[in-house]
Amino acid sequence: MAKKKVLIVEDEESLLKLESILLTTKGYEVRGVANGRAALEALEAELPDLVLLDVMLPEMDGFEVCRRIKNDPKTAAIPVVMLTAKKTAEDMAKGDEVGADRYITKPFKSVMVIETMEQLLS
């Protein structure tokens, strides 16, 4: 069985490393980028099976990245899981509005992220 590809978009280097290590040990093929523009470029280069997306990013926030992913017919079916410290009802509503498949707030438990990913990928 081919490894599932995950694109992680996270500007906090320590968190990007941690998430990458966690997912690699779980058998995922991981590509990490640190900003919204790089996320869109990575999607152009190779389509992942799922995107883990931070909201507060340099250059273009996660909401805009998600909107662009979901508005592009080539990438619209890719599940997007937003991982963010933004917890207000407005933020969560905005996540829904831009098409995020799930919205998980930080701090989060790794097992919850893995379970969510497995549900979306099955």
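All of the numbers you see were taken from the coordinates with simple rules; none came from a lab. Here the structure is a predicted model, which is why all the values come from computation and not from measurement. For neighbour counting, all protein chains shown are included, and Cβ atoms are generated from backbone atoms with ideal geometry for every residue, glycine included.
For the cross-link pairs K5/K109; K5/K26; K87/K109; K5/K74; K26/K86; K70/K94, the ones whose C-alpha atoms lie over 19 Å apart are K5/K109; K26/K86. Amide H contacts for A100 (H built 1.01 Å from N in the peptide plane; partners 5 or more residues away or on another chain; cut-off under 5 Å): none found.
Please label the shape of segment 1-47 as rounded, prolate or oblate, based on the square roots a ≥ b ≥ c of the eigenvalues of the alpha-carbon gyration tensor (a/c under 1.5 means rounded; beyond that, a/b larger than b/c means prolate, else oblate). Since a/c reaches 1.5 but b/c is at least a/b, the shape of segment 1-47 is classed as oblate. Database remark: amide H of T105 closer than 5 angstrom to the amide H of T84 (H placed geometrically; neighbours at sequence offset of 5 or more, or on other chains; Pro and chain starts carry no H).
For segment 35-94, what is Rg from Cα atoms divided by 2.2 N^0.38 Å, rounded to two decimals? Computed over Cα atoms of segment 35-94, the ratio equals 1.07.
When the dipole is taken about the Cα centre of the chain, and only Lys, Arg (+1) and Asp, Glu (-1) are charged at their Cβ, what size is it in debye, to the nearest 20?
Values: 17 positive and 22 negative charges, 65 e Å.
Value, rounded to 20: 320 debye.
Working from the Cα coordinates of segment 1-118, the gyration tensor eigenvalues give, after taking √(5λ), semi-axes of 19, 17, 14 Å in decreasing order.
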